[in-house]
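The values are calculated or read from the model by the stated rules, or taken from the named source; none is laboratory data. Only a predicted model underlies this, so the values are computations on that prediction, with no experimental measurement involved. Using ideal geometry, Cβ is built from the backbone for each residue, glycine included, and neighbour counts are taken over all protein chains shown.
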Amino acid sequence: MAMGGRASRPAPGSSEFKDLCADLLKEWCDGMIRHQIIDPDDPAMHGALACPACEHIHGRCMDAVYPFLHMADRTGDPGYLDAAIRVMDWAEHNVSQADGSWSVVAKPGVWTGITVFGAIALAEALYYHAHMLDEEIRSAWKERLGRAADFVHDRFDMTFTNINYGFTGVFALNLFGRVLEKPAFTRRSREMAAEAKRFLTRPNKLVWGEAKPIDRRSDRGLYGVDLGYNVEESLNGVVMYALLENDHEMLGLLEESLAGHMEFMLPDGAWDNTFGTRHYKWSYWGSRTTDGCQVGYAMMADRNPVFGTVAHKSTQLLKACTDGGLLHGGPHYVSHGIKPCIHHTFTHAKPLAAVLDAGHKLPEIAPDLELPRDREYGVREFPEILTRLVSKGPWRGTVTAYDMMYLDDRTVQQATGGSLALLFHQKAGLLFAASLARYEIIERFNQQTYHGDEFPLTPRIEVIENGEWFTNLWDLEAEVSHLDENGDVRVSVKTSIRNENRKKLPNGRSDYHLDYIFKKDELEIRVKPANDSKPAGETALVLPVASVRTETIARPSPSRLEIAKENGILVMESNVPLHVRPMTGTRVFNLVPGIEAVPVYAALKRNGSDDTTVIMKII
């Protein structure tokens, strides 16, 4: 993607990052080859990548052509070349369409917009590694790329569908113009790039447009923003376009945008997408079917060295979530016995190949500079998504009341309602991580099915009344404020518990006050009904604590709970008894974001004038 010729020596200081990428890419390519189906008598299967988690073959598995061909060139191992040819042959026989597109699965009438991603992978494979192919295959692949490029040119504009397609199309068309020597494609990419600049929020330059329709706004006037798609897909495209074109204005905007998005990277390299409109595809390291943040951030590290640390830490987390040669959808998949979807691996392998092929054009990568969320800064507001990031002492929190839903109905419900959507401790690591209020399959070919007991992981107030679940997770009207109290950060929330139809309980029993008080050594959570009314039924504060099943749990007293984390003991103390909800096995689990948890309950005090308080600390 550097488009400056064959890869050459890396920039000084980037060798650690490149070694990490090279080792992980080999691990993934070897894992994918172990799952490549070899059955020449069955053209419907031969060459495809079998998915351990899904019953269907992912049509986009042809994206692996680029990492396979890269590995063939780098190692000289013909097994990688054979794998690349087989996966392309499978795609041509099974998901190739008459209009030049490829389909998401081998079925008629399914989505073909994903052609842009496969076409970029094929173009990069040809640009960097075409010399590995014989003339017949090289010519056939170039002709096939031309038909896919025509499809993208004729169908894509900035509002074709979700914004990640438009932003990716900007780079794709520019790349196609150069590889195929067709200036019309390059001209079209410049036209789209000029329009792309308007899809950045104010004041933080977050990419917006992850909604249907793309320009729909919420009742509070907010656009659709998804952190996972932005950092792992959209920004990659416009960064590479701007570098190819040497577009200084665009590069300046992108530097600001990358910095705005970087605020959401956690100290362990995870991306906080608790609020994102496409939260249903959030995996702790990013998003299920995107490519990864490595290209966008690494290639801009000369403008801001911390961008290089972002790329490095993200790659380290991807490696930590890899087992058996495949990238798993979260850090606790292996512990919980969840099989990995292979889609994660073949998409995330591509940017690793790209940064390795960048050669001397890859800026110096500093692996361990201070990230924004490493610093203690109090509160940072993101008004365009009604979200606050809190950094006090060792605590890192996210509180959100973002009311923009991906679809204009109640199907997709990410964290909102003033929930403490994420809590991270600098020593103990992840403590809270939001999930969907109810896990729904929105993209049946791109989401994994979970057959265990569903349990939402977002901290919340809830009650079951007459068989209905009422919780602040359905509240799109919560009000959030914050202030500094003698060095402590208090985030105050006015919220209401509602059912999934957004209806409140009658007689004023739905309204609550929530306070999150971040102190140097502890976090205090307080909740009580508004207007001093009695809580409805057995209303509880539910705190699902992220905890892998090997961590031990102790209850020294009814109101004290201890969970042994790797680097300390999480202590939870309350002015009411603390209970662990009965569950199948030792932990609850949610595919979003791939976390096991201990479901801790604190029933609210029956006297509505009293606070129910839970204090959390690490000892």
Going through the stretch 121-154 in order, the residues found to be small (G, A, S) and touching a helix residue (DSSP H, G or I) at 6+ places or on another chain (Cβ under 7 Å) are A121, A123, A125, A130, G146, A148, A149
Conditions (1) modelled with pLDDT of 95 or more; (2) outside any loop (DSSP other than H, G, I, E, B) -> D484 fails only (1)
Given (1) surrounded by 14 or more Cβ atoms within 10 Å (Cβ to Cβ); (2) of a type outside the set (A, V, I, L, M); (3) closer than 18 Å to S283 by Cα, T449 misses just (1)
Of the conditions (1) under 17 Å from R396 (Cβ atoms); (2) of a type outside the set (F, W, Y); (3) not in a loop (DSSP other than H, G, I, E, B), the single one that H312 does not satisfy is (1)
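How many of the residues making up the stretch 200-250 are of a type in the set (V, I, T) and either surrounded by fewer than 23 Cβ atoms within 10 Å (Cβ to Cβ) or farther than 14 Å from N164 by Cβ (or both)? It would help to see each step written out before you state the result.
Residues of the stretch 200-250 that are of a type in the set (V, I, T), as a first pass: 201, 207, 214, 225, 231, 238-239.
Then drop every residue that is not either surrounded by fewer than 23 Cβ atoms within 10 Å (Cβ to Cβ) or farther than 14 Å from N164 by Cβ (or both), which leaves 201, 214.
Adding up the residues that qualify gives 2.
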Counting only residues in the stretch 603-619 that are in a strand (DSSP E or B) and farther than 19 Å from S510 by Cβ, the one farthest from the chain's Cα centre (by Cα) is identified as T613
Scanning the stretch 251-274 residue by residue, the ones that are among the hydrophobic types (A, V, I, L, M, F, W, C), touching a residue at least 60 places away in the same chain (Cβ under 8 Å) and either buried (at least 24 other Cβ atoms within 10 Å of the Cβ) or not in a helix (DSSP H, G or I) (or both) total 4
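This table checks each residue for (1) out of contact with any Leu (no Cβ under 6 Å at 6 or more places or on another chain); (2) under 22 Å from M262 (Cα atoms); (3) assigned to a loop (DSSP other than H, G, I, E, B); (4) not assigned by TED's automatic domain parsing to the domain that holds E124.
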| residue | (1), (2), (3), (4) |
| --- | --- |
| A172 | yes, no, no, no |
| L175 | yes, no, no, no |
| F185 | no, no, no, no |
| R188 | no, no, no, no |
| A194 | yes, no, no, no |
| K205 | yes, yes, yes, no |
| A211 | yes, yes, yes, no |
| D215 | yes, no, yes, no |
| S218 | yes, no, yes, no |
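Report yes if I85 is within 19 Å of I37 (Cβ to Cβ) and out of contact with any Gly (no Cβ under 9 Å at 6 or more places or on another chain), otherwise no. Working first, answer last.
On the way: within 19 Å of I37 (Cβ to Cβ): yes; out of contact with any Gly (no Cβ under 9 Å at 6 or more places or on another chain): no.
Here the answer is no, as I85 does not meet what is asked.
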Taking the stretch 483-525 and keeping only residues that are surrounded by 22 or more Cβ atoms within 10 Å (Cβ to Cβ) and under 20 Å from V463 (Cα atoms), one is left with V493, T495, S496, I497, R498, R509, S510, Y512, L514, I525
Of L473, L457, the only residue that is part of a loop (DSSP other than H, G, I, E, B) and buried (at least 16 other Cβ atoms within 10 Å of the Cβ) is L457
Checked R444, R438 against criteria (in a loop (DSSP other than H, G, I, E, B) and free of Cβ contacts under 8 Å to residues at least 12 places away in the same chain); the one match is R444
R549 fails exactly one of (1) more than 28 Å from the chain's Cα centre (by Cα); (2) in a loop (DSSP other than H, G, I, E, B), namely (1)
Within the stretch 7-25, can one find any residue that is aliphatic (A, V, I, L, M), modelled with pLDDT under 95 and surrounded by 15 or more Cβ atoms within 10 Å (Cβ to Cβ)? yes
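Residues checked against (1) in the same structural domain as K319 (by TED's automatic domain parsing); (2) surrounded by 14 or more Cβ atoms within 10 Å (Cβ to Cβ); (3) free of Cβ contacts under 8 Å to residues at least 12 places away in the same chain:
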position: G31; (1), (2), (3): yes, yes, no
position: R34; (1), (2), (3): yes, no, no
position: P40; (1), (2), (3): yes, no, yes
position: A48; (1), (2), (3): yes, yes, no
position: D63; (1), (2), (3): yes, yes, no
position: P67; (1), (2), (3): yes, yes, no
position: Y80; (1), (2), (3): yes, yes, no
Taking the stretch 571-619 and keeping residues within 27 Å of E440 (Cα to Cα), out of contact with any helix residue (DSSP H, G or I) (no Cβ under 8 Å at 6 or more places or on another chain) and either outside the structural domain of R526 (by TED's automatic domain parsing) or of a type in the set (D, E) (or both) leaves none
When you scan the stretch 193-206, do you find a residue that is among the charged types (D, E, K, R), at negative phi and in contact (Cβ under 8 Å) with a residue 60 or more places away in the chain, even just one? yes
All conditions in (1) among the polar types (S, T, N, Q); (2) out of contact with any strand residue (DSSP E or B) (no Cβ under 8 Å at 6 or more places or on another chain); (3) buried (at least 23 other Cβ atoms within 10 Å of the Cβ) are true of N466 except (3)
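Residue-by-condition table, conditions (1) assigned by TED's automatic domain parsing to the domain that holds Q448; (2) under 16 Å from the mean Cα position of the chain (by Cα); (3) closer than 18 Å to I595 by Cβ; (4) buried (at least 22 other Cβ atoms within 10 Å of the Cβ):
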{"position": "G276", "(1), (2), (3), (4)": "no, yes, yes, yes"}
{"position": "W282", "(1), (2), (3), (4)": "no, yes, yes, yes"}
{"position": "N304", "(1), (2), (3), (4)": "no, no, no, no"}
{"position": "F307", "(1), (2), (3), (4)": "no, no, no, yes"}
{"position": "S314", "(1), (2), (3), (4)": "no, yes, yes, yes"}
{"position": "G324", "(1), (2), (3), (4)": "no, no, no, no"}
{"position": "H332", "(1), (2), (3), (4)": "no, yes, yes, yes"}
{"position": "S335", "(1), (2), (3), (4)": "no, no, yes, no"}
Residue hits (the stretch 324-344; of a type in the set (A, V, I, L, M), over 25 Å from Y66 (Cβ atoms) and part of a loop (DSSP other than H, G, I, E, B)) are I338
When every residue in the stretch 507-546 that is assigned to a loop (DSSP other than H, G, I, E, B), more than 30 Å from S335 (Cβ to Cβ) and of a type in the set (D, E, K, R) is compared, the one modelled with the highest pLDDT is K519
